[in-house]
Amino acid sequence: MSGYSADTRIRWTEWLPWVAAGAFFFLLPEYLSLGARILIFILFALSLDLILGYAGIITLGHSAFFGLGAYTAGIVSTQLAINEPFVQLAAAAAVAALLGVATGAVILRTRALTLLMLTLAITAILLEVANKATWLTGGADGLSGVKVDPILGFFRFDLYGRTAFLYCLIALFLGWWVVRRLIYSPFGAMLTGIRENTTRMHAIGAPVYWRLVLVYTISATMAGIAGALLTQTNQFVGLNVLGLEPSGDILVMLILGGVGRLYGAFIGPVVYLIAQDYLAKQYPEYWYFGIGTLLIAVVLFAPGGILGMVDKLRDKWLSLYKQKSSARASAR
Amino acid sequence: MAFALQTEKLCKSFGALTVAEQIDFRLEPGARHALIGPNGAGKTTFVNMLTGAIAPTSGKIFLNDQEVTRTSQAARVRLGLGRTFQITTLFRSLPVLDNVALAVAERRGDAQRMWRPASAHREIIDESLELLATLGLADDAAAAAQDLPYGKQRLVEVAIALGLRPKVLLLDEPAAGVPSADTEKILRHLEKLSAEIAILIIEHDMDLVFRFAQRITVLVQGQVLVEGPPEEIAADKRVRDVYLGEATHA
Ligand SMILES: Nc1ncnc2c1ncn2[C@@H]1O[C@H](COP(=O)(O)OP(=O)(O)OP(=O)(O)O)[C@@H](O)[C@H]1O
Ligand SMILES: [Mg+2]
């Protein structure tokens, strides 16, 4: 719960993801590349939560920024021979931000279904461009030969994915910190206001459209950085970063975890990608069936996602506990 | 002399339906002015045009002598125009405090601050709490707006508008749907508002109108039928025919 009545202190549960990530690093060294992938998608989901969960912008095109960031980081290396990781990240962030402003300024005047279709159209167009511009993107074969220098000139991307994991973890930590700041700030409260009642926001003098463009751009930038991280850790970019599919995937991950709850963006990708890694390898034919069933169950029975369910159970348990202890107190 | 608010030949049609026809309207600074008329007369539409929520088909609107006909809603609010809604329009799931604080933050120009937590902005919170206290809502600040009794929700409507420190306040049926005991309470709060605010109130409750307003405009089918002080309106035969008659057997 953000806003003017919120308690903004960091609760102990908020450290759990970082403790879990640390434990993962030491206990599961053979899964570090999957781990880095999860961290990247958490960052991506976090950027989506900012616009969908807080500002209420509904989109099926968030992969446009993720994919553009991914390709930009790669192309900076293959075409310009710039292999400095932070320069690649900055380039991806800047290009994604530009696309965010440019498309946001056009489509955020619309709402609901029109908006949904426009966001989808933009990422579909980018997919087609990436597919056709073979000389630049490698087309359907993907963009290989991406090089990334050691981080700070020292930490080489190693075969085991240790550097990649820690690199992504630090990026995610910074992203989380920024998003957490944003949503608890007056700006975040204002976004919640737009989501809750746009008519009222207009009537209290908020330039709603500009505010939406602003948050859309911030979110696009973050998604672009997430995409660049994917390129840098894989040293490859494929067409699967653009279009409806990755947009849908990230949306499903966020819905699974819980929309507008900050940590739903953490839980969703963990559950989804681990299940995918396990199921899709062993039972590829059941994978989408499984995830579809899970999604239906969540949407029908736990509209707040997995995290919403956890919150509900905890509240129930707490009230039971209180009842019991007060009953015990009165029995005495 | 500058009028707080003025319209010139304001017209609005929805397709074939004309809901505002050549409305020339003036609101004096500090006015207590009522706009009355039967259901569907075009009162809410008139307010929506004044705030910029909908565009007039033709005509002009002035705020304090400045033309605002094509100005955005946000800019009109910055020029001192506040409103409440006939149909309660709150941030339903947010605490009452946040409902008001969002407006206060917009007015102060703090709504785009991105770093310090909202709950650490004491200046915004204190001002909001103070405002809630003057409306008798001090104890409800932490409750979700949707959990308040309806009469109090109508007061939160007013509180949000007051958070903008308006020079002109448009109240669209502030007591709509409220039980009569609460109507009295709302009226008493409205009577306490600063004399510097020019108020235009739309209301169906004639008792309330005649107690509150110093001037009354009667709107019928998008046209101003008559305007004048309450005594004149009460005595006007045409008004009785089209409006007061209807209201008594409605
Ligand atoms: N967006 C719209 N499109 C078409 N017709 C509309 C629209 N808004 C209002 N109307 C019509 O315009 C007329 C005036 O409506 P308005 O809400 O302004 O009346 P009102 O005087 O506020 O009535 P009430 O006392 O019931 O609130 C009504 O006939 C209504 O149906
Ligand atoms: Mg009305």
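What to note about this one:
- Of the trypsin sites (Lys or Arg not before Pro) found in the stretch B:17-83, the ones in coil according to DSSP and having at most 11 other Cβ atoms within 10 Å of their Cβ are B:ARG70.
- Averaged over B:75-85, number of beta-carbon atoms from partner chains that fall within 10 Å: 2
- Relative to its residue count, the stretch B:10-60 spans a Cα convex hull of 86 Å³ per residue.
- Considering the stretch A:211-326, its Cα convex hull presents a mean projected area of 10.7 nm².
- Scattering curve values for the stretch A:54-114, log₁₀ I(q)/I(0), Debye with Cα scatterers, q = 0.19, 0.21, 0.22 Å⁻¹: -0.72, -0.81, -0.85
- Applying D = kT/(6 pi eta Rh) to the protein assembly as shown, where Rh is the Kirkwood radius over alpha-carbon pairs, T corresponds to 10 °C and eta to 1.306 mPa s, the Stokes-Einstein value obtained is 59 µm²/s.
- Heavy-atom accessible surface of chain A: percent carbon and sulfur, 1.4 Å: 69 percent
- Hydrodynamic radius by Kirkwood, which averages 1/r over all alpha carbon pairs of the stretch A:1-118, in angstrom: 17.2 Å
- For the pair A and B, the buried accessible area comes to roughly 3000 Å² in total, with a 1.4 Å probe and the value rounded to the nearest 100.
- Cα centroid of the stretch A:254-332 to Cα centroid of the stretch B:154-210, whole Å: 46 Å
- Radius of gyration over Kirkwood radius for the stretch A:202-243, both on Cα atoms: the Rg/Rh ratio is 1.27.
- Peptide ranges A:225-237, A:299-311 listed from the most packed, as the mean C-beta count within 10 angstrom indicates: A:225-237, A:299-311
- Computed with the Debye formula from one identical point scatterer per Cα of the stretch A:123-221, without solvent, the log10 of I(q)/I(0) at q = 0.14, 0.24 Å⁻¹ comes to -0.86, -1.14.
- Bridgeable lysines around B:LYS9 (alpha carbons under 16 Å apart, same-chain partners fewer than 8 residues away excluded): B:LYS43, B:LYS60.
- Chain B: most fluctuating residue of B:LEU193, B:LEU50, B:LEU219 per GNM, C-alpha cutoff 10 Å: B:LEU193
- Cα-based Kirkwood hydrodynamic radius, the stretch B:21-168, one decimal, Å: 16.8 Å
- For the residues A:LEU174, A:LEU279, a 1.4 Å probe over the protein chains yields an accessible-area ranking, largest first, of A:LEU174, A:LEU279.
- Shown for the stretch A:1-38: residues covered by the partner protein chains by 20 Å² or more of accessible area relative to the chain by itself (probe radius 1.4 Å), namely A:MET1, A:TYR4, A:SER5, A:THR8.
- Largest GNM mean-square fluctuation across B:LYS167, B:LYS185, B:LYS237, computed for chain B with C-alpha springs under 10 Å, falls on B:LYS237.
- FRET efficiency estimate (nearest 0.05) - Cβ-Cβ, B:GLN223 to A:ALA297, R0 60 angstrom: 0.55
- Other protein chain Cβ atoms within 10 Å, averaged over every residue that makes up A:208-219: 1
- When the Cα convex hull of the stretch B:87-162 is projected onto planes of every orientation, the mean area is 4.8 nm².
- Exposure ranking of A:ARG181, B:ARG211 by accessible area [1.4 Å probe, largest first]: B:ARG211, A:ARG181
- Relative frequency of Cα-Cα separations exceeding 25 Å in chain B, percent: 44 percent
- Separation of the B:GLN112 and B:GLN22 label points, Cα + 7 Å toward Cβ, nm: 4.4 nm
- Only protein heavy atoms count here; under a 1.4 Å probe, A:ARG195 has an accessible surface of about 100 Å².
- Cα-Cα pairs of the stretch B:136-221 separated by more than 18 Å (percent): 44 percent
- Ordering of A:37-43, A:122-128 by burial proxy (mean other Cβ atoms within 10 Å per residue, highest first): A:37-43, A:122-128
- Cβ-Cβ FRET estimate between A:GLU245 and B:SER93, R0 fixed at 22 Å, reported to 0.05: 0.10
- Spin-label model distance (nm) - A:LEU174 vs A:LEU320, 7 Å beyond Cα toward Cβ: 4.4 nm
- Rolling a 1.4 Å probe across all protein chains gives B:GLU184 an accessible area of roughly 70 Å².
- Simple label model, 7 Å out from Cα along Cβ direction - B:SER194 to B:SER58, nm: 3.9 nm
- Computed log₁₀ I(q)/I(0) - Debye formula, equal Cα scatterers, no solvent, the stretch A:275-332, q 0.14, 0.27 Å⁻¹: -0.59, -0.96
- Threshold 30 Å², the stretch B:101-132 residues less accessible with all protein chains present than alone (1.4 Å probe): B:LEU102, B:GLU106, B:ALA111, B:GLN112, B:MET114, B:TRP115, B:PRO117, B:ALA118, B:SER119
- Residue of B:PRO95, B:PRO174, B:PRO149 that the Gaussian network model of chain B assigns the largest fluctuation, springs spanning Cα pairs under 10 Å: B:PRO149
- Using only alpha carbons, the stretch A:15-301 has a radius of gyration to Kirkwood radius ratio (Rg to Rh) of 0.96.
- Comparing Cα centroids, the stretch B:79-114 and the stretch A:117-182 end up 39 angstrom apart.
- Averaged over the residues of A:195-201, the number of partner chain Cβ atoms lying within 10 Å of the residue Cβ comes to 6.
The values are calculated or read from the model by the stated rules, or taken from the named source; none is laboratory data. Quick caveat, the model's predicted, so the values are computed rather than measured. Ideal geometry is used to build each Cβ from the backbone, glycine not excepted, and the neighbour counts take in all protein chains shown. Side chains included, ligands, DNA and RNA excluded: accessible areas come from the protein's heavy atoms. Shrake-Rupley method; radii C 1.70, N 1.55, O 1.52, S 1.80 Å.
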